[in-house]
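Colleague: Please find one structure pasted underneath; my questions will follow.
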Amino acid sequence: MGRGRAKAKQTKVARELKYHSPNTDLTALQRELAGAGGKSEQHFDDDYKEYVDDDDEDHAGDDPDPWAPATR
């Protein structure tokens, strides 16, 4: 298949998605969103919890980012 056919097919699919949206079950969506408000029953072990830096503040004494653009 050449580039022209591939582009035509992509255009056709894009047009179909744009103008012919699938039917959305709004009641199921509402149920799902309403049920998401509570705490989850699942418990996940956080193996990396000891490595997490909870300090969101930037420290003035820290080295600057070597990848940051130089200021003039």
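Any read-out appearing in this document is the output of simple, stated calculations on the displayed coordinates, not a laboratory observation. All of these numbers come straight from a predicted model, not from anything done at the bench.
Colleague: Can you run phi through the Karplus equation (6.51, -1.76, 1.60; θ = phi - 60°) for segment 17-31 and list ³J(HN,Hα) in whole Hz, with x for Gly and Pro?
Modeller: Rounded to whole hertz, the list is 5, 6, 9, 10, 6, x, 5, 10, 7, 5, 5, 5, 5, 5, 4.
Colleague: Turning to a different aspect of this structure: Test of understanding: what is the full-extension gain from Leu17 to Ala70, defined as 0.36 nm times their sequence separation minus their Cα-Cα distance? Don't skip to the answer; put the middle values down first.
Modeller: Details: separation 53, 0.36 × 53 = 19.08 nm, distance 4.44 nm.
Full extension from Leu17 to Ala70 adds 14.6 nm.
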